[in-house]
1. So which residues in segment 131-178 are aromatic (Phe, Trp, Tyr), modelled with pLDDT of 95 or more and over 15 Å from Gln104 (Cα atoms)?
2. If Ile99 satisfies all but one of (1) among the hydrophobic types (A, V, I, L, M, F, W, C); (2) in contact with a Gly (Cβ under 6 Å, 6 or more places away or on another chain); (3) touching a residue at least 40 places away in the same chain (Cβ under 8 Å), what's the number of the condition it fails?
3. Checking Val62 against (1) open to solvent by 100 Å² or more (accessible area, probe 1.4 Å); (2) at pLDDT 85 or above; (3) β-branched (Val, Ile, Thr): exactly one of these is not met. Which one?
4. Sort through Gly105, Gly51, Gly93, Gly79 and tell me the only one that's assigned to a loop (DSSP other than H, G, I, E, B) and touching a His at 6+ places or on another chain (Cβ under 7 Å).
5. Counting just the residues of segment 126-178 that are of a type in the set (S, T, N, Q) and in a helix (DSSP H, G or I), which one comes out nearest to Thr81 (Cα to Cα)?
6. Name every residue in segment 133-154 that is touching a residue at least 24 places away in the same chain (Cβ under 8 Å), open to solvent by 60 Å² or more (accessible area, probe 1.4 Å) and not hydrophobic (A, V, I, L, M, F, W, C), in order of residue number.
Amino acid sequence: EINRGNLSKIFGELMLLIEHDKRSSEWSARLAYASPDDEPFHVPDNVWLLGMMNTADRSLSVVDYALRRRFAFVTLKPGFTSQAFGAHLADAGVAPDLISAIVQGMQELNVAICDDRVNLGPGFQIGHSFFTPAAGQAVGRAWFERVVETEIRPLLEEYWFDAPDRADEWRLRLLSHL
């Protein structure tokens, strides 16, 4: 995750060299820790830097403006409604009614999270990765209940730490879709 450190220190000389118009040997620079016989360094124009960040993690550093302008930002949303997600669950042996319960319940929960602009908002939506079982894993009602109780519930309690009844209400609502 790109916002887990002091990016100016991590990138150092790369801050200049990753700009799209500075990607040639003409802009080569000697790196701070290079040995005297090392060639100057440049970033080729066919290299793509991909950085991920979890905007919901409040303990992380913000991306400074100097680095932010060197990247394009794309927001990834939970994929509960994608055909690929449903197909993955079906291929893993999840029953259609359970797939429906997961999709409907998590969509409703994510709408509530998005609507809570005071404490949360869109960046706090819960993703579909919680419901991607490992190969050969039993994927029935007990699996769903375990995911809700041990992964989703603690997250909701953290999100709504000052409103524990709301977290519990959503846990029960998710389970009621079964």
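1. Trp143 - this is the single residue of segment 131-178 that is aromatic (Phe, Trp, Tyr), modelled with pLDDT of 95 or more and over 15 Å from Gln104 (Cα atoms).
2. All conditions pass for Ile99, except number (3).
3. Checking Val62 against (1) open to solvent by 100 Å² or more (accessible area, probe 1.4 Å); (2) at pLDDT 85 or above; (3) β-branched (Val, Ile, Thr), the one that fails is (2).
4. Gly79
5. Ser129
6. Answer for segment 133-154, where residues must be touching a residue at least 24 places away in the same chain (Cβ under 8 Å), open to solvent by 60 Å² or more (accessible area, probe 1.4 Å) and not hydrophobic (A, V, I, L, M, F, W, C): Gln137, Arg141, Glu145.
The values are calculated or read from the model by the stated rules, or taken from the named source; none is laboratory data. All values derive from a computational prediction rather than experimental measurement. Using ideal geometry, Cβ is built from the backbone for each residue, glycine included, and neighbour counts are taken over all protein chains shown. The area values use the complete protein model at the heavy-atom level, side chains included, leaving out ligands, DNA and RNA. Shrake-Rupley method; radii C 1.70, N 1.55, O 1.52, S 1.80 Å.
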